[in-house]
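Q: Please read through the structure below; I'll follow up with questions.
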Protein chains: 2
Amino acid sequence: MPTDVGHEIADALGTLLKRSTREQIYRRLTEGLGEAVDEVTYPVLSGLARTGPRSAAGLADEIGLDRSGVTRRATRLEEAGLLRREPDPADRRATLLALTEAGRAAIETTRQRLAAHIEDSLASWPPGEAQTFARRLHRFVNHGPFTG
Amino acid sequence: MPTDVGHEIADALGTLLKRSTREQIYRRLTEGLGEAVDEVTYPVLSGLARTGPRSAAGLADEIGLDRSGVTRRATRLEEAGLLRREPDPADRRATLLALTEAGRAAIETTRQRLAAHIEDSLASWPPGEAQTFARRLHRFVNHGPFTG
DNA sequence: CATATTGCGTGCGTCGCGCACGCTAGACTT
DNA sequence: AAGTCTAGCGTGCGCGACGCACGCAATATG
């Protein structure tokens, strides 16, 4: 029960990033999406859903992976019918990665399900606290100690 | 910019668990500890610091890893002088994993440094908000949607 | 005393990753 | 216009981490 803010957050992060916790979260994140979607491929789908069709290099930058990794994941997702490669009309060497309808539907469904699960679990919190927490967490993750 | 609590938290978690973010956090978590300590071995040290000397099996359970993994990490840390194996006086097949003084010092130093970094980054938050956030985060991680 | 069980450590196969290379296509120089 | 340089993608290779299954030693059980 540290009264120290920094330590409390640090410990929470440690727990959150542990393999077991991480895999449990991802298992739920990818539940029912078929075996093509897992901890590794999820960020590809998620990234594409956020930004729309995109080159492999750009996507690699965003999810912090080597381009070769993106290529391989994309191939797996392509074979599963969740993603398609389309030639960039403006640049004939580039290939745009885009979600198929199935891909979009899959990730959207799971996002909904996960969000519902989280909200259920937070239903016992005092009213308003969950909203505040969500905003703070968002701020912490996107503009906090690890993102400059 | 979802007003939806569940989605906002889900997205934040997604970002947080991305490889790039994760590795950045761990890089800072293990900064200056020598190359024996990294994303993989850190939970071993952290777990031992929390619970004291412990059997490999028990530790494996806690950090959600196979026993073989714990064995290997322990060996690495042992060679680096951060951990020592001592026979369990009560059971001669068991080996207790315990931090050495160097191990304890190393992880303590880093915990301090990380906590300070986090607090620095949160210094611009309105007074009290950081404390509240830390408590909520702790609750979310340890008694939230993914820990029953 | 014989058998089953527990606890560790190790060999093996699998998987994900980064790096470096080759190939194609566009950009730039002269 | 031709030659060279750069950008973008995919693939082969080696590395490291992991889980599984086995063997060995020690304890529990009947």
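Q: Please specify each residue of the stretch B:76-101 satisfying the condition of being in a helix (DSSP H, G or I) and either closer than 10 Å to residue B:44 by Cβ or open to solvent by less than 50 Å² (accessible area, probe 1.4 Å) (or both).
A: Those that are in a helix (DSSP H, G or I) and either closer than 10 Å to residue B:44 by Cβ or open to solvent by less than 50 Å² (accessible area, probe 1.4 Å) (or both): B:76, B:77.
Q: Output the number of the condition that residue B:126 fails; it satisfies all remaining conditions of (1) under 20 Å from residue A:13 (Cα atoms); (2) within 11 Å of chain A (Cβ to nearest Cβ).
A: Result: residue B:126 passes all but (1).
Q: Within the set of pairs 6+ apart or on separate chains, which have a first residue in the stretch A:17-33 that is hydroxyl-bearing (Ser, Thr, Tyr), a second that is in a loop (DSSP other than H, G, I, E, B), and C-beta atoms under 6 Å apart?
A: A:20/B:64; A:26/A:39; A:30/A:37; A:30/A:38
Q: Moving on. Take residue B:83 and tell me if it is away from every other protein chain (no Cβ under 14 Å), among the aliphatic types (A, V, I, L, M), farther than 20 Å from residue A:16 by Cβ and away from DNA strand C (no atom under 15 Å from the Cβ).
A: no
Q: Related question: Can you pull out every residue in the stretch B:35-67 that is within 19 Å of residue B:88 (Cα to Cα) and within 10 Å of DNA strand D (Cβ to nearest atom)?
A: Matches in the stretch B:35-67: B:44, B:60, B:67.
Q: Please name all residue pairs, on different chains or six or more residues apart, with Cβ atoms under 7 Å, provided the first residue is in the stretch B:86-115 and is within 14 Å of chain A (Cβ to nearest Cβ) and at negative phi and the second residue is open to solvent by less than 90 Å² (accessible area, probe 1.4 Å) and within 16 Å of DNA strand D (Cβ to nearest atom).
A: B:107/B:45; B:107/B:46; B:110/B:29; B:110/B:30; B:110/B:33; B:114/B:29
Q: Related question: Any residue at all in the stretch A:11-31 that's more than 10 Å from every other protein chain (Cβ to nearest Cβ) and out of contact with any Phe, Trp or Tyr (no Cβ under 8 Å at 6 or more places or on another chain)?
A: yes
Q: Residues that are open to solvent by 30 Å² or more (accessible area, probe 1.4 Å), facing chain A (nearest Cβ under 8 Å) and charged (D, E, K, R): does the stretch B:65-73 have at least one?
A: no
Q: Shifting gears a bit: Restricting the first residue to the stretch B:117-128 and requiring it to be part of a helix (DSSP H, G or I), which pairs with a second residue that is not small (Gly, Ala, Ser) meet a Cβ separation below 7 Å and a spacing of at least six or different chains?
A: Short answer, once both residue conditions are applied: B:117/A:145; B:117/B:28; B:118/A:9; B:118/A:145; B:119/A:5; B:121/A:145.
Q: May I ask you to list the residues in the stretch B:30-49 that are farther than 21 Å from residue B:117 by Cβ and open to solvent by less than 50 Å² (accessible area, probe 1.4 Å)?
A: Listed by number, the residues that qualify are B:36, B:44, B:47, B:48.
Q: Same structure again: Would you check which residues across the stretch B:52-66 are within 22 Å of residue A:13 (Cα to Cα), at pLDDT 95 or above and in a helix (DSSP H, G or I) and list them?
A: Scanning the stretch B:52-66 gives B:58, B:59, B:60.
Q: Would the stretch A:104-115 turn up any residue that is of a type in the set (Asp, Glu) and either open to solvent by less than 80 Å² (accessible area, probe 1.4 Å) or within 30 Å of residue B:25 (Cβ to Cβ) (or both)? Before you say what the answer is, go through the steps one by one.
A: The first filter runs over the stretch A:104-115 and keeps only residues of a type in the set (Asp, Glu), leaving A:108.
Those still in the list that are either open to solvent by less than 80 Å² (accessible area, probe 1.4 Å) or within 30 Å of residue B:25 (Cβ to Cβ) (or both) too: A:108.
Yes - at least one qualifying residue is present in the stretch A:104-115.
Q: Can you pull out every residue in the stretch B:132-147 that is more than 17 Å from the chain's Cα centre (by Cα) and open to solvent by less than 10 Å² (accessible area, probe 1.4 Å)?
A: B:133, B:144
Q: Yes or no: the stretch A:52-74 includes at least one residue that is within 24 Å of residue B:138 (Cβ to Cβ) and either without any contact (Cβ under 8 Å) to a residue 60 or more places away in the chain or not polar (S, T, N, Q) (or both).
A: Residues of the stretch A:52-74 within 24 Å of residue B:138 (Cβ to Cβ): none.
No, every residue in the stretch A:52-74 fails to be within 24 Å of residue B:138 (Cβ to Cβ) and either without any contact (Cβ under 8 Å) to a residue 60 or more places away in the chain or not polar (S, T, N, Q) (or both).
Q: Follow-up. Hey, among B:140, B:133, which residue is within 13 Å of chain A (Cβ to nearest Cβ), assigned to a helix (DSSP H, G or I) and in contact with a Lys or Arg (Cβ under 8 Å, 6 or more places away or on another chain)?
A: B:133
Q: I'm told residue A:69 meets every condition in (1) modelled with pLDDT of 95 or more; (2) more than 10 Å from DNA strand C (Cβ to nearest atom); (3) not hydrophobic (A, V, I, L, M, F, W, C) except one. Can you identify the failing condition by its number?
A: Of the numbered conditions (1) modelled with pLDDT of 95 or more; (2) more than 10 Å from DNA strand C (Cβ to nearest atom); (3) not hydrophobic (A, V, I, L, M, F, W, C), the odd one out for residue A:69 is (2).
The values are calculated or read from the model by the stated rules, or taken from the named source; none is laboratory data. What you are looking at is a predicted structure, and each value in this text was computed from that prediction instead of being measured. Glycine also receives a Cβ, built like all others from the backbone with ideal geometry; neighbour counts cover every protein chain displayed. Calculation scope for accessible area: heavy atoms of the full protein, side chains included, ligands and nucleic acids excluded. Shrake-Rupley method; radii C 1.70, N 1.55, O 1.52, S 1.80 Å.
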